[in-house]
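The values are calculated or read from the model by the stated rules, or taken from the named source; none is laboratory data. Since this is a predicted model, take the numbers as computed values, not measurements. Positions of Cβ are backbone-derived with ideal geometry, glycine not excepted, and every protein chain shown enters the neighbour counts. Protein only, heavy atoms only, side chains kept; ligands, DNA and RNA dropped before computing areas. Shrake-Rupley method; radii C 1.70, N 1.55, O 1.52, S 1.80 Å.
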Amino acid sequence: MAPETVDREVRHDVADVLVRYATGIDRRDWDLFRTCFTDDCEADYGEIGLWHGVDEITEWMRVVHDACGHTLHRITNIVVSPAADGVTARSYVEALVLGPDNGAGVRATGFYDDELVDTPDGWRIARRTFTTIRQEPVAGP
């Protein structure tokens, strides 16, 4: 028996949320970033931090990333599955975060496990867990 699948349009909409997340960070567009999460979201990034609500995670991301140089967040391998209250998504992430001089920085690789719900404003992440697989320094020029 084939596993239950999610409609192509929903998969596209979920992928759009994840790309919007990365774009919001990289452009420092915090209004765009906020559109990725429910107001009462829970985001657990392990040793990095745990946030309750879109205001907390947005403020933390703003403070951290506004001080950086270039950042490149890439989201790939998005798998969307049905869930009781919406859908779940697992996606891979690779983030390059450079310091203010765009020289040295860090590269982090891992994956997101997300629970998304369909709201009047579209799909939003209600719960997220980030698992770090590897984090390594990037040397400057």
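So that you can scan it fast, the table gives a plain yes or no per residue for (1) at pLDDT 95 or above; (2) assigned to a strand (DSSP E or B):
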site	(1), (2)
Pro3	no, no
Val14	yes, no
Tyr21	yes, no
Asp31	yes, no
Trp51	yes, yes
His65	yes, no
Cys68	yes, no
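Restricting attention to segment 90-128, the residues being touching a helix residue (DSSP H, G or I) at 6+ places or on another chain (Cβ under 8 Å) and hydroxyl-bearing (Ser, Thr, Tyr) number 2.
This table checks each residue for (1) open to solvent by 60 Å² or more (accessible area, probe 1.4 Å); (2) over 23 Å from Pro120 (Cβ atoms).
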site: Arg8; (1), (2): yes, no
site: Ala15; (1), (2): no, no
site: Tyr45; (1), (2): no, yes
site: Glu56; (1), (2): yes, no
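Annotation note: Cβ proximity below 9 Å between a residue of segment 66-81 that is touching a residue at least 60 places away in the same chain (Cβ under 8 Å) and a residue that is assigned to a strand (DSSP E or B) and of a type in the set (Lys, Arg) (sequence gap 6+ or interchain) occurs for Ile78/Arg90; Val80/Arg90; Ser81/Arg90.
Is it the case that segment 59-69 has a residue that's touching a Lys or Arg at 6+ places or on another chain (Cβ under 9 Å) and among the aromatic types (Phe, Trp, Tyr)? Checked segment 59-69: no residue is touching a Lys or Arg at 6+ places or on another chain (Cβ under 9 Å) and among the aromatic types (Phe, Trp, Tyr).
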